[in-house]
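Worksheet: the structure to be examined is printed underneath.
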Amino acid sequence: MDTIICQTPGVLQCIQTDEPCPRSTEALLKIRQVGICGTDLHAFKGVQPYFNYPRVLGHEIAAEVLTIPPGYDFEVGELVTVMPYFHCGQCIACRQGKTNCCVNMQVYGVHIDGGMRMRVSMPVSALVKGNGLGADQLSLVEPLAIGAHGVRSAGIRPDEHVLIVGAGPIGIGTMLLAQAAGARVMIMDTNTSRLRHCKAISADLVTINATDVDMYDQLLYHTNGDMAGVVIDCTGNQLAINNGFNYLAHGGRYVLVGLQQHEVTFSHPEFHKREGTLLSSRNARTEDFDWAIRLLQKGTIQPDMLIKHRIAHRELPEVFNALLNPAWGVVKAVVDFGN
């Protein structure tokens with residue numbers, strides 16, 4: 001069967017691999033669609049922490065159940081998504097219910113081979129019922145759950161000023177979840193086309209270009225002089241993360257959803273006088289998936305808010321590098337593995 005594998009940084013190939021053989025607690029899934037995440041792009045560039053090569057990418061999955069062991073509440077032909085974080089259940093994090101940051105975490109498509117292949121065997125415990133959602137919607141559940149976890153971790157209050165830094169797919173998803181939580185949302189980026197796209201999604205949104213000479217004045221103006229009560233970084237860019245400390249209100253919370261390889265640095269006196277809170281937000285939990293699914297079911301979030309490019313799986317090795325080119329205007333790309 002066709003399998004897309006990242007052999008080394010910069011080298012993506014479509015190869016032939018054996019069909020999976022599900023175990024007694026596993027379902028056989030036909031992959032319908034896989035979203036391309038920043039994690040996949042960073043892996044291709046060779047800047048993704050926790051990553052080894054070669055690796056089958058892909059963890060934003062929409063799939064069809066082909067076989068299911070008896071006794072489970074799934075049916076053949078049902079569309080599902082996957083919670084791609086395999087935790088041990090025994091470490092200190094798991095014992096506290098923080099399965100998203102398990103000491104022994106194995107993330108599908110990062111630590112272990114992922115979903116960019118025709119069929120996969122998957123523990124039934126990792127399946128998430130589609131509840132009537134289509135493939136486009138299901139391929140968005142996991143990235144939206146990432147935003148949902150960041151928003152929940154921030155403890156956003158209604159009408160609180162929230163700044164999202166980074167208008168990529170995770171940033172846009174986090175923006176939509178923060179709005180659903182009742183926040184007054186601003187989003188910052190250096191890419192004007194992405195900022196225009198965000199504004200087209202939500203007329204109430206405040207967009208700020210990080211390269212504007214008056215960007216601090218804009219932040220002060222839109223927050224009535226307070227700065228942002230919550231800053232959420234979704235860039236995974238070292239400079240952007242370090243600069244984010246400067247946007248924080250006194251008593252504010254800074255949440256790092258984005259991930260990069262190097263040190264985070266900031267002025268201790270400036271952070272100290274704010275009595276700021278610094279949080280990392282890793283992966284997502286069941287309640288985050290549930291929230292994302294509810295918003296997709298209600299139509300609060302529509303697939304066309306994010307998905308702008310579709311790629312047939314056999315064409316992916318040819319065009320993957322181009323997805324990194326801003327001229328392509330990629331927001332969210334999905335890979336189709338056929339119906």
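The values are calculated or read from the model by the stated rules, or taken from the named source; none is laboratory data. In this text the structure is predicted, and so the values were computed from the model without any measurement. Positions of Cβ are generated from backbone atoms using ideal geometry, with glycine treated the same way; all protein chains shown enter the neighbour counts.
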- Residue that is over 22 Å from the mean Cα position of the chain (by Cα), outside any loop (DSSP other than H, G, I, E, B), touching a residue at least 40 places away in the same chain (Cβ under 8 Å) and more than 29 Å from residue 49 (Cα to Cα), where the choices are 219, 296: 219
- Task: Sort through 187, 156 and tell me the only one that's touching a Gly at 6+ places or on another chain (Cβ under 9 Å), part of a loop (DSSP other than H, G, I, E, B) and of a type in the set (Val, Ile, Thr).
- Result: 156
- Task: Kindly indicate whether any position in the range 233-247 is of a type in the set (A, V, I, L, M), assigned to a loop (DSSP other than H, G, I, E, B), surrounded by 15 or more Cβ atoms within 10 Å (Cβ to Cβ) and under 25 Å from the mean Cα position of the chain (by Cα).
- Result: no
- Quick one: in the range 110-126, which of the residues that are in contact with a strand residue (DSSP E or B) (Cβ under 7 Å, 6 or more places away or on another chain) and not in a strand (DSSP E or B) is farthest from residue 45 (Cα to Cα)? 124
- Message: Here's a check for you: in the range 165-185, which residue that is at pLDDT 95 or above and surrounded by fewer than 24 Cβ atoms within 10 Å (Cβ to Cβ) is nearest to residue 295 (Cα to Cα)?
- Response: 180
- Using the structure shown, decide if residue 57 is touching a residue at least 24 places away in the same chain (Cβ under 8 Å), closer than 18 Å to residue 259 by Cβ and not hydroxyl-bearing (Ser, Thr, Tyr). yes
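Condition check ((1) of a type outside the set (Asp, Glu); (2) in a helix (DSSP H, G or I); (3) not assigned by TED's automatic domain parsing to the domain that holds residue 225) across all residues:
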{"site": "272", "(1), (2), (3)": "yes, yes, no"}
{"site": "287", "(1), (2), (3)": "no, yes, yes"}
{"site": "291", "(1), (2), (3)": "yes, yes, yes"}
{"site": "311", "(1), (2), (3)": "yes, no, yes"}
{"site": "318", "(1), (2), (3)": "no, yes, yes"}
{"site": "322", "(1), (2), (3)": "yes, yes, yes"}
{"site": "327", "(1), (2), (3)": "yes, yes, yes"}
- Only residues in the range 11-31 that are under 13 Å from residue 313 (Cβ atoms) and small (Gly, Ala, Ser) count as the first member; pair them with residues that are exposed (fewer than 10 other Cβ atoms within 10 Å of the Cβ) and modelled with pLDDT under 95, Cβ under 7 angstrom, at least 6 apart or cross-chain, and list the lot. none
